[in-house]
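Read-outs: derived from the displayed coordinates by stated rules, not from any lab. Given the structure is predicted, the values throughout are model-derived calculations rather than measurements. Cβ placement follows ideal geometry from the backbone for every residue including glycine, while neighbour counts extend to all protein chains displayed.
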Amino acid sequence: MKKTFKILACVMTLALVALVFASCGAKTETLTMATNAEFPPYEYHEGDAIVGIDAEIAQLIADKLGMELVIEDVDFNSIIPGVQAGKYDMGMAGMTVTDERLESVDFSTSYATGVQVVIIKEGSEIQTLDDIAGKKIGVQIATTGSIYAADDYGKDDDGNDNGNVIEFENGAVAVQALLNGKVDCVIIDNEPAKKYVEANEGLAILETEYVTEDYAICFAKNNTELKDKVDAALKELIADGSVQKVVDKYIAA
Ligand code: GLN
């Protein structure tokens, strides 16, 4: 009798352990991506959803890793601090790899190329990059376009801020300022530029490209485990053509 009881207790313990393991397996780990969903076609709102190239690539990565993707829409300049603080697992926002950012975060392999371009009003006095000096330039706060413009056009002879480079919360607001005549041009990444020009009459993009750059996903510096996992998944998705498929869906060749 006693023996039977022991066996029964044993079986029950094992069953319990199995149950705990099973429920652990069922609870999928989340992958929290911070973005700024004002950057079509990489990330933008469609109804309640955040869609776009970055959102879809992130979903493919999460699927590959068996994780549940959660997208947080925040200001562009909150992405890196939030990732550093561990508030978000990664930042993906058409984000350019720069030496300065590499001091604060790590980047995945690059999955896209971006080009900084200049949006003008049709018939503008600005027809080439040489015409920009002395004009009012709208940029998105904390972006590479903003940093380059400040370096190239934002200083007087003594190196002081000349007030010509004006930062806006995001691309949409900067373009609005151009339409209202508050700035003479907007420096921004080429694909969002195309979308803004399509959506608003009377705008054009200068033919001369300003700067070419690489987009990648950022991670906190101590989070190499996740970075390596995401990187491996991303590299597979690039190699098997899945990333290109997503890009082609949003960007006409
Ligand atoms: N590629 C630019 C940057 O990284 C702009 C990105 C964005 O506005 N989402 O600064």
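Some points to look at:
- Take each peptide in 56-68, 222-234, count the other Cβ atoms within 10 Å of every residue, and average; sorted highest first, the result is 56-68, 222-234.
- Highest-first arrangement of 29-39, 183-193, 242-252, where packing means the average Cβ count within 10 Å: 183-193, 29-39, 242-252
- Note on segment 44-198: with charges restricted to the Cβ of Lys and Arg (+1) and Asp and Glu (-1), its dipole about the Cα centre is near 240 debye.
- Charge tally in the Cβ shell below 14 Å around GLU46, where Lys, Arg are +1 and Asp, Glu are -1, GLU46 excluded: -4
- Anisotropy class of segment 54-192 from Cα gyration tensor, a/c 1.5 cut: prolate
- DSSP bridge orientation in the chain - percent antiparallel, rounded to nearest 5: 65 percent
- Amide H contacts of ASP214 (H built 1.01 Å from N, under 5 Å, at least 5 apart or other chain): VAL97, GLY114
- Residue-count net charge about ASN223 - beta-carbon cut-off 13 Å; Lys, Arg +1, Asp, Glu -1: -1
- Kyte-Doolittle mean at least 0.5 and Cα axial length at least 30 Å: DSSP H helices in the chain: 2-26
- Rounded, prolate or oblate (a/c below 1.5 giving rounded, otherwise prolate when a/b exceeds b/c) for the chain by Cα gyration tensor: prolate
- Prolate/oblate/rounded call for segment 125-167, Cα gyration tensor, a/c under 1.5 rounded: oblate
- Sum of -39500 (n - 2.57) over DSSP H runs of 4+, divided by residues of the chain (222 nm, nearest 500): -13000 deg cm²/dmol
- Theoretical gain in end-to-end length, SER104 to GLN176 [0.36 nm per residue, Cα-Cα removed]: 22.8 nm
- Most positive-pole-ward Cα, LEU178, SER108, VAL165, against dipole of the chain from beta carbon charges: SER108
- The Cβ shell under 9 Å around THR113 holds other residues with a net charge of -2, Lys and Arg each +1, Asp and Glu each -1.
- Counting lysine pairs in segment 153-253 whose alpha carbons fall under 29 angstrom apart, excluding pairs fewer than 8 residues apart on the same chain, gives 19.
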